[in-house]
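To start, the structure under review is shown below, and the notes come after it.
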């Protein structure tokens, strides 16, 4: 593709520190000199954990709201592991569910620190899995860069220490993990996820019912793969989180924009080895411009910081791209998809934002948080071959809508 990491000039109006600009280039240079650039490939998997008893109802939700479909199930000593795939094939989706409702590892310990995460103590986006051509060499190289990996005995969940995978410890900045594998993820036996089991006829029937409902409504043919995923972090940790992710991946910092109306910034990282983000979805980090204790002077909106204070540093939403086009019903495809889902009981935070008339533009909308994963689902349509990643007005509207739904009342502080 002729992309040069070292000469690329990132876009946006968000001012970065000299520290960030210096180490961004140093990270790229080290990635090239250490061989990581050649070792690391595309995003192959996404891991989401739900509470005990929530996996099958979450799969039903995914069957209606996403292109993912059940492929296989395994039982480890601690978890049920459900593998889902879409027609796009990658990334695969791993939904993991503790066998014991009292299971405790880092996820539960982190969730219990935050008031709006406690009701679902084991529900959390865990992280992504990236392809590597040499797992041992990748870990050796990253450990020389001060990246920590899980080893047997370090964690209560054996998934993170299987021979087929290597997972980092949770990031101090995002609480997300990053995993690596040499596997193409098609040969399940080689993954050693656990004992294979099948879903009951009743469980399969419920999934089929959801799939048929979406198909009959004309929704599923319009949904494609994951476009991007966005993690919310604290104001002062924006640059550190981005640099850490660049260290862990073969992504590059595409750029960052201030969303002045919401006192926040949107920071986008993309994989330059793909022509379509759905082949290796973009990673977005959003953060307040002012921390809460300083904002008490400024009195500016701070929905992003409030989310972190209420839920913890974590993945906020995953976005699916809707095929661009005018639906026979007379509206844009995304309007049709969202309208149908709403009639089928899917709650959304606000109206669709974006015009998409005659000029290139984006139309986007947020669902409400899933009851099971706590993740928001976003639908996005890039109209008339829109080349950008987002518009400031859209992001401001979506952030405001989410903020109204993520409030926590505590004493005389309402955030």
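Coordinate-derived values only; no laboratory data. Model, not experiment: these values are computed from the prediction. So basically every Cβ, Gly included, is an ideal-geometry build from the backbone, and we count neighbours across all protein chains shown.
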| field | the chain - mean residue ellipticity at 222 nm from DSSP helices (-39,500 (n - 2.57) per run, n ≥ 4, rounded to 500) | value | -8500 deg cm²/dmol
| task | Compare 221, 201, 405 in a GNM of the chain, Cα atoms joined below 10 Å, and give the one with the largest fluctuation. | result | 201
| request: Mind checking the full-extension length gain between residue 17 and residue 276? Use 0.36 nm per residue of separation minus the Cα-Cα distance, one decimal, nm. | output: 90.2 nm
| note | If one builds a Gaussian network model of the chain from Cα atoms under 10 Å apart, the most fluctuating residue listed among 402, 217, 205 is 205
| When DSSP assigns beta bridges and you keep just the ones with both residues in the chain, what percent turn out antiparallel, to the nearest 5? | 70
| task | Quick one: among 297, 348, 245, which has the greatest mean-square fluctuation in a GNM of the chain with alpha-carbon springs under 10 angstrom? | result | 297
| Residues of the range 133-158 with amide nitrogen under 11 Å from the 7 Å Cα-to-Cβ point of residue 192? | none
| message | Quick check: residue separation of residue 112 and residue 6 times 0.36 nm, minus the Cα distance between them. What number comes out in nm? | response | 34.0 nm
